[in-house]
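The values are calculated or read from the model by the stated rules, or taken from the named source; none is laboratory data. Just so it is clear, the structure is predicted and the values come from calculations on it, not from any experiment. These area figures cover heavy atoms from the full protein model, side chains too; ligands, DNA and RNA do not enter into them. Shrake-Rupley method; radii C 1.70, N 1.55, O 1.52, S 1.80 Å.
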Amino acid sequence: MILLAVDLEAARSRLLPDVLPGPGDPPLRVLFCGINPGLVSAATGHHFARPGNRFWPALHASGFTPRLLAPAEQGELRALGLGLTNVAPRATARADELDDAELVAGGERLRGLVDEVRAAWLAVVGIGAYRVAFGDRRAAAGRQERTLGPTGLWVLPNPSGLNAHQTPASLAAAFRELRESAG
């Protein structure tokens with residue numbers, strides 16, 4: 001699919017549905033939570049869809065998926081006990097277009113969502129978004145001491161290609177640490 005600038009601009013008004021378990025799916029082991037949908041994701045309806053985003057390769061390299069999934073195959077995560085959501089629903093070209101109020105509101109929504117879907121773990125990809133959404137300015141990557149009821153919290157590095165501090169190998173290692181803890 002070739003997306004034109006007009007397609008991306010129109011995507012700013014679209015919401016990206018969560019990928020959550022349905023009847024017959026296994027319990028939700030990990031709910032992966034992006035910061036917000038990028039314009040390519042909103043335009044295509046698939047999480048982490050921008051070329052260059054390293055979420056799907058990190059998910060596979062860490063052992064969460066048996067093969068590298070394409071964003072269009074996101075529904076296959078349900079059978080693996082995995083789900084997808086975002087802190088903030090508004091689609092933007094860059095996450096820094098969001099304001100703190102949107103992230104704080106997203107943190108509140110996530111508290112209700114993890115209770116509803118009974119996720120064992122909520123894994124937020126992006127330390128800055130996590131810090132604002134959950135009011136924890138000193139949080140570091142990895143397992144968090146606080147929980148949301150029975151749901152554990154984990155912070156992963158942002159897999160965006162714009163996050164040059166992370167390599168594919170370091171992303172895979174961070175995701176693997178979560179997988180080993182999540183079972």
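Tell me, what HN-Hα J-couplings in whole Hz come from the Karplus equation 6.51 cos²θ - 1.76 cosθ + 1.60 at θ = phi - 60° for each residue of the stretch 10-15, using x for Gly and Pro?
5, 5, 4, 9, 9, 9
Using θ = phi - 60° and the Karplus form 6.51 cos²θ - 1.76 cosθ + 1.60, what ³J(HN,Hα) does each residue of the stretch 84-92 get, whole Hz, x for Gly and Pro?
9, 8, 9, 5, 10, x, 6, 7, 9
Shape call for the stretch 13-67 from the C-alpha gyration tensor, a ≥ b ≥ c root eigenvalues: rounded (a/c under 1.5), prolate (a/b greater than b/c) or oblate?
The shape class here is oblate.
Using 0.36 nm per residue of separation minus the Cα-Cα distance, give me the extension gain between A169 and A70 in nm, one decimal.
33.8 nm
Per residue, how many Å² of accessible area does the chain show with a 1.4 Å probe?
On a per-residue basis, the chain sits at 49 Å².
When N counts the residues of the stretch 50-152, how does its alpha-carbon radius of gyration compare numerically with 2.2 N^0.38 Å, as a ratio?
Output field value: 1.12.
Assuming 0.36 nm per residue, please report the length gained on full extension of the stretch L162 to S13 beyond their Cα-Cα distance.
Stretched fully, the L162-S13 segment lengthens by 51.3 nm.
Using only the alpha carbons, work out the radius of gyration and Dmax of the stretch 124-183 in angstrom.
Over the stretch 124-183's Cα set, Rg and Dmax evaluate to 11.7, 34 Å.
I'd like the distance separating the alpha-carbon centroids of the stretch 164-181 and the stretch 90-153, in whole Å.
What the calculation gives is 18 Å, centre to centre.
What whole-number value in cubic angstrom gives the convex hull volume per residue for the C-alpha atoms of the chain?
Details: hull volume 20.6 nm³, N = 183.
About 113 Å³ per residue, rounded to a whole number.
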